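Participant: Take a look at this one; I'll ask things after.
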Ligand code: ADP
Ligand code: MG
C-alpha cells in the first residue's frame with residue numbers, strides 16, 4: 001500500500017491528532033506497518049503515544065543527521081516525534097524536506113504513513129502535503145465548515161501543482177452528535193455540496209476518545225467497545241477498502 005496521508009485542517013480542535021493517531025493504531029491492529037509523523041509544534045500526537053518531543057525534529061533533520069523512527073507505546077505504531085525546534089523551523093525549511101526524509105528512511109517500509117499537521121496552512125502543512133499521496137480532512141460537525149474547507153482544498157490544489165499524486169482522500173466528519181440538528185445539517189450540507197470524497201464512516205462525539213490520550217492510550221485500546229473506537233476501526237476498514245478493493249469487489253466492478 002505504501003500510502004502517505006496528511007491529516008490536515010487549518011482549524012484547531014477538529015480531531016486531526018486524534019484521527020492521525022487512532023487511525024494509525026486501527027491500521028496497525030489490522031496488520032499494517034504504520035508510521036505517525038508529528039509535525040505540529042504542540043506535539044500532541046507525540047505525547048499521546050507515550051513519547052517525548054525530540055530536541056530537533058527528526059522529520060526535518062538535515063541530510064547528514066539522524067531521522068530514525070521510534071517505537072511508540074501503541075502496539076505496532078512507529079513515530080517520528082515532534083521536535084522542540086518545530087516552532088522556529090518554518091522560515092528555514094526546504095519545501096521538500098519531509099518528502100526527502102521519508103525517502104531516506106524508506107517510506108516503502110510502511111504500509112501507511114500518517115502526518116499530523118499543525119492548525120495552519122503554513123510551511124509545515126505545505127511540507128506535509130508535498131510529501132503525501134492524499135489529504136484526510138477532519139471537520140467538526142458543530143459549526144458550518146464549508147468556508148474553511150474551500151481555503152484548505154485550495155491549498156491541496158496548490159500543493160498538487162508540484163506533487164501531482166496528491167488528492168483529497170476524504171473529508172471526515174468528527175465529533176458527530178446524532179441527536180443534534182446541527183450535526184445532521186452539517187453532514188447533509190457537506191455530503192450534498194462538496195465535490196470531493198467524504199468518508200462514509202463518521203466519528204461520534206465520545207468522552208472515551210477525549211479521555212484516552214491522557215492515559216497515553218488509543219481509544220481502541222482504552223475503551224474498545226466505545227462508539228469512538230468502533231468508528232475509527234470502521235474508518236480504517238473503509239480506507240483500506242477504498243485504496244485496495246478486495247478481489248471479490250473488483251470482480252463485481254469489472255462485471
Ligand atoms: P486537533 O489536532 O485538530 O487540534 P484533536 O484531535 O487534538 O484536534 O482534538 C481536540 C480535542 O477534542 C482533544 O481534546 C480531543 O481529545 C477531543 N476529541 C477529538 N475527537 C473527539 C471525539 N470524537 N469525541 C470527543 N472528543 C474528541
Ligand atoms: Mg493536533
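The values are calculated or read from the model by the stated rules, or taken from the named source; none is laboratory data. Owing to the predicted nature of the structure, the values given are computational and were not obtained by experimental measurement. Cβ sites come from the backbone with ideal geometry, for glycine too, and all protein chains shown count toward neighbours.
Participant: Of all residues in the range 197-211 being assigned to a helix (DSSP H, G or I) and within 16 Å of ligand 2 (Cβ to nearest atom), which is surrounded by the most Cβ atoms within 10 Å (Cβ to Cβ)?
Facilitator: The qualifying residue surrounded by the most Cβ atoms within 10 Å (Cβ to Cβ) is 209.
Participant: Can you tell me which residue in the range 124-151 is farthest from ligand 2 (Cβ to nearest atom), limited to those that are under 27 Å from residue 185 (Cβ atoms) and crowded, with 24+ Cβ neighbours inside 10 Å?
Facilitator: 141
Participant: Assigned to a loop (DSSP other than H, G, I, E, B) and either over 21 Å from residue 169 (Cβ atoms) or within 16 Å of ligand 2 (Cβ to nearest atom) (or both): which single residue out of 121, 114 fits that description?
Facilitator: From the options 121, 114, the qualifying one is 121.
Participant: Taking residue 36 as meeting all but one of (1) within 11 Å of ligand 2 (Cβ to nearest atom); (2) closer than 14 Å to residue 59 by Cβ; (3) buried (at least 24 other Cβ atoms within 10 Å of the Cβ), write down the number of the exception.
Facilitator: Condition not satisfied by residue 36: (1).
Participant: Mind checking which residues of the range 164-178 are assigned to a loop (DSSP other than H, G, I, E, B) and surrounded by fewer than 17 Cβ atoms within 10 Å (Cβ to Cβ)?
Facilitator: 164, 165, 177, 178
Participant: Select from the range 179-196 the residues that are touching a helix residue (DSSP H, G or I) at 6+ places or on another chain (Cβ under 8 Å), surrounded by 12 or more Cβ atoms within 10 Å (Cβ to Cβ) and either at pLDDT 95 or above or not in a loop (DSSP other than H, G, I, E, B) (or both) and list them in ascending order.
Facilitator: Passing the criteria: 189, 190.
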